[in-house]
1. If we count other beta carbons within 10 Å of each Cβ, what is the order of L440, L392, fewest first?
2. Between I571 and residues 5 or more places away or on another chain, which pairs have amide H atoms under 5 Å apart, with H built 1.01 Å from N, and which residues are they?
3. Using the C-alpha gyration tensor of the chain, what are the square roots of 5 times its eigenvalues, in whole angstrom, with the largest one first?
4. Given points 7 Å out from each Cα along the Cα-Cβ axis, report the S122 to D194 separation in nanometres with one decimal.
5. If amide hydrogens are placed 1.01 Å from N in the peptide plane, which non-local residues have theirs closer than 5 Å to the one on E566?
6. Taking every DSSP beta bridge that has both residues in the stretch 437-526, what percent is antiparallel when rounded to the nearest 5?
7. Taking θ = phi - 60°, what integer Hz values does the Karplus form 6.51 cos²θ - 1.76 cosθ + 1.60 yield along the stretch 55-67, in sequence order, with x for Gly and Pro?
8. Rounded to whole Hz and in sequence order, give me ³J(HN,Hα) for the stretch 189-206 from the Karplus expression 6.51 cos²θ - 1.76 cosθ + 1.60, θ = phi - 60°, writing x for Gly and Pro.
Amino acid sequence: MNEIMIVLITATVSVLTILYFKDTGKNRIKTADLEENRYAIEAILAFIREAFNNILKTNLYELNITREEFEKRMHNRNRLRRALKNCTYGDINAKNYVKDFIKDILVRSYEIDENNVNNIISFDNPRKLSAQDKFEILLYHYKKKYGNRALEKLILEYNLDSPVVTGEGISYVITKEQIDSIFAKETIINRFEDKLNIIAQRIYQLYKGFGVIDEIRDMRIDGVSGGVSGIPPAFHEELDLTVSLSIISKLPANYDSVWIFFKGKTIHLSFLSFGSEEELIRVCKNIYRYNYPGQLSESNGYKVNEMKDGSRVVVVRPPFSESWAFFVRKFDSIERAEIEELITDKNSEIPIGLIKWLIKGCRVTAITGAQGTGKTTLLMSIVKFINPAYTLRIQEMAFELHLRKIYPERNILTFRETTTISGQEGLDLQKKTDGTVNILGEVATAPVSSLMIQMAQVASLFTLFTHHAKTTVDLVKSLRNNLLQTGVFTNEKIAEQQVADVVNFDIHMNRDLTGHRYIERITEIIPVDDTDYPEIKFNDDEVDINGFLDIAREFFTRMTDRKVFETRDIIVYENGEYKVCSPPSKKQINAIMNNLTDDEKSEFKSYLTRYFNRSEV
């Protein structure tokens, strides 16, 4: 009996021992898993969200604190709440405040220190770093040296804006291999403070920022866009089930799309991705909300707005577009660029001089060209030629010029279109605001074109505007068609004549495949003033039949195909230099002289003599 009891006890102990070690092993595995997940970005992001919610939702009245402490905490909470709201508008100060909060939470509450910080991002093992990790580390250290010029310095230093030539043509792309190569060449020492700042930025951009483009958007570049390449989500819904999923998975998705606009070049950052469709949608929904321009919805599938720093943002969504996408165009990178810095090719003093006298001479001038050719930049720079005594009134679809930041001492007021105030209403109001010079950021609609022509005739001394016309003839005909659309004119020839009479010069901008911007030509629009009418001749009191037929032919010619204007190129760009073609017309020279001071008249005469061999005025 004793032997049986001993066997049973031994068996029981063995079973319990096995179960104990089995459970202990499981617990160790769970603990290891928890420890590993603890340092995942997703886990930290969830903790940060919860921490901010607790800070904002805590009932301070239930805490046993002094009045002074209560007011201090209430002030800090209100400040945090404002910062969380404003940081999504492009407010750099609010962004930095939120990031400081995140760093404080990471150190004090999440217990991140020098011993475990590398578990989040493998700063100590470059082989484990992703291309995004390396890029953000590089950008952070360049930012410490160059501020918001960091990306510009990185691109120029390593020639990342060099064209890539393929069988299909020229393109611009920055690849993962290039980032890996640059990271290997750079000597980077990450202190704990640097590591903490980089991690805080990663958490912030996923929490309240704009994803992978958050820091890029703050850089001094021309613009950034996302969702404009790759396979849209609708494509997957239309796929035949026989198509291999492995093939599809290798294709870039629409959320693998980050592009920047840099010095006239559109560059694809192929190594960056938003990671998911949901993240791209989150960025699109947040990036346009400054001053709340309205809801982006299926029925209203696009929004045009500006951000707090003056950047223009356009957001589109299905079904209006095939996928979610955004376009941020930055104008703070322009600042007060001098025209001499913009026009740099050989003999650049010729077009610069002519533009100066066109503006000082109060000529109605159009700046034309495709998107990204530098129309807005040039317009900003030539405002300095306008007499400081003149008042400026600007009309735009969205605030882009920001001329008061560049010329704070001048009398300038800008209006823009809103959901309740049209561009035409804004231009109507300008007539009552003591404006001397009218500037239109972009003449893009028929009502604005119509009112621009009217204002250039009677409501202002002269007008400057930008337009997307390809040629001067296209510019005149486009404005003519707009006049006909609005019903201001019903006769095509009369409408065309009005445009030719009003618009004096066309400065056409262009850029080549390398992104180099230049003035392609400066063209004068010359109305054909053919007011000489032939008379009927008589032979012995009888009508000369041949003369009558000639007159009839002239009549039908003037009523149908008669040209109401002609164009004359004054300066053109050829083979990398500016050349003079022909002088301005006598009429325009006299009109310019009438608006100049005596000293300016002498200077203008010298300019004409030197470059156009025109001494007579």
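Every number here is computed from the coordinates shown, using simple stated rules; none is lab data. Please read all numbers here as calculations on a predicted model, not as lab measurements. We place every Cβ from the backbone using ideal geometry, glycine too, and count neighbours over all the protein chains shown.
1. Details: L440 27, L392 22.
Taking fewest neighbouring Cβ atoms as first place, the list is L392, L440.
2. Placed amide hydrogens put I522, C581 under 5 Å from I571.
3. Details: eigenvalues 846, 147, 123 Å².
Its equivalent ellipsoid spans semi-axes of 65, 27, 25 Å.
4. Label at S122, label at D194, 1.9 nm between them.
5. Close amide H contacts, sequence-distant or interchain: I526, V528.
6. Working: 7 of 11 bridges.
The answer is about 65 percent antiparallel.
7. After applying 6.51 cos²θ - 1.76 cosθ + 1.60, I find 4, 7, 9, 4, 7, 5, 5, 7, 8, 8, 10, 6, 4 Hz.
8. Values per residue, Gly and Pro as x: 10, 9, 7, 4, 4, 5, 4, 5, 5, 5, 5, 4, 5, 4, 5, 4, 5, 8 Hz.
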